[in-house]
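The values are calculated or read from the model by the stated rules, or taken from the named source; none is laboratory data. Quick caveat, the model's predicted, so the values are computed rather than measured. Neighbour counts are summed over all protein chains in view; Cβ atoms, including those assigned to glycine, are modelled from backbone coordinates with ideal geometry. Keep in mind that these areas ignore ligands, DNA and RNA; they rest on the heavy atoms of the full protein, side chains included. Shrake-Rupley method; radii C 1.70, N 1.55, O 1.52, S 1.80 Å.
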Amino acid sequence: MKNLSDAAEKLDCEDSLARFRDEFHITLNDDGTEQVYFCGHSLGLQPKAAAKSVQEELDAWRKLAVRGHFEGEAPWMDLNAKLCQGLAELTGAQPAELVVMNTLTVNLHLMMVSFFRPQGKRRKILLERHAFPSDRYAVESQLLFHGLDPAECLVELAPDSGRHGVSESSVENWLDTHGEEIALVLWPGIQYISGQFFDLSRLTAAAHRAGAMIGFDLAHAIGNVPLSLHDSGCDFAAWCHYKYLNAGPGAIAGCFVHQRHHGGDMPRFNGWWGNDRESRFRMEPRFAPAAGAAAWQLSTPPVLSMAPLKASLSIFQAAGTGALRQKSKRMSAYLVDGIESGLDDVLEVLTPADPDRRGCQLSLRVRSGRHQGQQLFRYLVEHGILTDWREPDVIRVAPTPLYNRFADCYALLQNINDWGNLQATTDSPARQST
């Protein structure tokens, strides 16, 4: 492990993004030492600027009350547009194609109101077999709402034979054969269990060739991998901001609606905040949609929930998406190399080997099974390393480039190695001593 330790020290010394770690509150262990935190794929750490950002809005509320919508240094009426400016680079979208609102599953439902329009035999929705459960629940309930039987109209595409994920070619082949039955494809940007990063442009082209709409759940992709939503041509996308975007538990979410769907008579559920800004406060009975994705808003935005996102986006803008992606690739490669060179009898890397087909999340299957996998997970927690357990035998880790170090990655590898040696001394089949 000495070579890995030296490499981690060298890489940390060369890291141009190292200073951004100080922008976050690092969680502590019971003994007061800093925890090695690898759960940014579930909940990002708190930016130190988040409290100040929330306090500024509390101060505006205290000083201005209702006038805060239009007055002060940062009127609330402009906050959504400012956040969308910050999100444009992360999503590869035009600001008018973005809106910050609601939460992820709520937004998926609102998007399906607009983009799932079953007609004739084109009445099915295509999902990835192991989609996040909330996506499946939303799709199933949408089908029931339309009077359709999910057993017939919810189509799930299983992973390729001998693989942990579904290849884009499998999706293309399936749509070429059965696409005339599909009204909507709802697909993850990154598969939450395996960490597989899909080619969104390729999947979009396949869906559109088949005559179907396509939308993406980007919960595990936003702030993690480069996105080009506008150029991909996808119809819509939705995501949360509490993972890699560090906006806090249950934070307000985001949506993308491609500009070709703006205006016109696109069906949707309307609310007063989606009304055109110039006429919103006239309180007229006729709904006049706002320009762009903003028309999908329903209610007054929760300003206090938006404030931490504003703080986090400023960090992303300072760091630069290109530099973050390069560090992310280096950290993931360091971990994969360490596992495959000395720990491959303990762990199997499920995440694609191609660095362009993964983000910072690595999904690691414990070869000895569920019982010992849980032992390893608990061992890491006891030694100050927080990862994520997924049944039946997967540990997920996400070395996040804004606040994780290569030293953190080395600590993970060293502790897995120590656990393996401990198992070997008790005649465990999990691993022989290295």
Could you check, for the stretch 291-306, whether at least one of its residues is open to solvent by less than 10 Å² (accessible area, probe 1.4 Å) and part of a strand (DSSP E or B)? no
Any chance the stretch 306-320 includes a residue that's over 19 Å from the mean Cα position of the chain (by Cα) and within 30 Å of GLY420 (Cα to Cα)? no
Unmet requirement for PRO267, which otherwise passes all of (1) assigned to a helix (DSSP H, G or I); (2) open to solvent by 20 Å² or more (accessible area, probe 1.4 Å): (1)
Out of the stretch 209-234, which residues are assigned to a loop (DSSP other than H, G, I, E, B), farther than 16 Å from THR103 by Cβ, of a type outside the set (Gly, Ala, Ser) and in contact with a Gly (Cβ under 6 Å, 6 or more places away or on another chain)? ASN224, VAL225, LEU227
Name the pairs whose Cβ atoms lie under 8 Å apart, with the first residue in the stretch 317-332 and touching a residue at least 40 places away in the same chain (Cβ under 8 Å), the second open to solvent by 30 Å² or more (accessible area, probe 1.4 Å) and in a helix (DSSP H, G or I), and 6 or more positions between them or separate chains? GLN317/GLU89; THR321/GLU89; ARG330/LEU11; SER332/PRO355
Search result, residues across the stretch 1-31 that are in a helix (DSSP H, G or I) and more than 16 Å from SER328 (Cβ to Cβ): LYS2, ASN3, LEU4, SER5, ASP6, ALA7, GLU9, LYS10, CYS13, ARG19, ASP22, GLU23
Return the residue satisfying two criteria in turn: it lies in the stretch 145-198 and is among the charged types (D, E, K, R) and in a loop (DSSP other than H, G, I, E, B), and of such residues it is most open to solvent (accessible area, probe 1.4 Å). ARG163
Can you pull out the residues in the stretch 102-144 that are within 18 Å of ASN270 (Cα to Cα) and either part of a strand (DSSP E or B) or over 16 Å from the mean Cα position of the chain (by Cα) (or both)? HIS109, LEU110, MET111, MET112, VAL113, SER114, PHE115, PHE116, ARG117, GLN142
Just the residues that are open to solvent by 10 Å² or more (accessible area, probe 1.4 Å) and in contact with a Pro (Cβ under 9 Å, 6 or more places away or on another chain), please, taken from the stretch 29-47. LEU43, GLN46
Conditions (1) assigned to a loop (DSSP other than H, G, I, E, B); (2) more than 30 Å from PRO355 (Cβ to Cβ); number of the one not met by ALA251: (2)
List the number of the failed condition for ARG280; all other conditions in (1) of a type in the set (D, E, K, R); (2) at pLDDT below 95; (3) surrounded by 19 or more Cβ atoms within 10 Å (Cβ to Cβ) hold. (3)
For the subset of the stretch 307-328 comprising residues that are open to solvent by 30 Å² or more (accessible area, probe 1.4 Å) and among the aliphatic types (A, V, I, L, M), which member is nearest to GLY248 (Cα to Cα)? ALA318
Scan the stretch 114-131 and tell me whether some residue there is crowded, with 17+ Cβ neighbours inside 10 Å and small (Gly, Ala, Ser). yes
So if I check each of LYS82, LYS48, LYS63, LYS2, which one is without any contact (Cβ under 8 Å) to a residue 40 or more places away in the chain and closer than 27 Å to LEU245 by Cβ? LYS48
The number of residues in the stretch 48-81 that are charged (D, E, K, R), under 28 Å from the mean Cα position of the chain (by Cα) and either surrounded by fewer than 19 Cβ atoms within 10 Å (Cβ to Cβ) or under 30 Å from GLY195 (Cα atoms) (or both) is 4
Modelled with pLDDT of 95 or more, in contact with a Ser or Thr (Cβ under 6 Å, 6 or more places away or on another chain) and not hydrophobic (A, V, I, L, M, F, W, C), is that true of GLY195? yes
Qualifying position, being touching a Phe, Trp or Tyr at 6+ places or on another chain (Cβ under 7 Å) and acidic (Asp, Glu), among ASP12, ASP78, ASP6, ASP22: ASP12
What do you reckon, is MET331 open to solvent by less than 50 Å² (accessible area, probe 1.4 Å) and assigned to a helix (DSSP H, G or I)? yes
Could you say whether any residue in the stretch 387-400 is touching a Pro at 6+ places or on another chain (Cβ under 7 Å) and outside any helix (DSSP H, G or I)? no
Of (1) among the hydroxyl-bearing types (Ser, Thr, Tyr); (2) open to solvent by 10 Å² or more (accessible area, probe 1.4 Å); (3) farther than 19 Å from ARG123 by Cβ, SER141 fails just (3)
Yes or no: LEU108 touching a Pro at 6+ places or on another chain (Cβ under 8 Å) and touching a residue at least 12 places away in the same chain (Cβ under 8 Å)? no
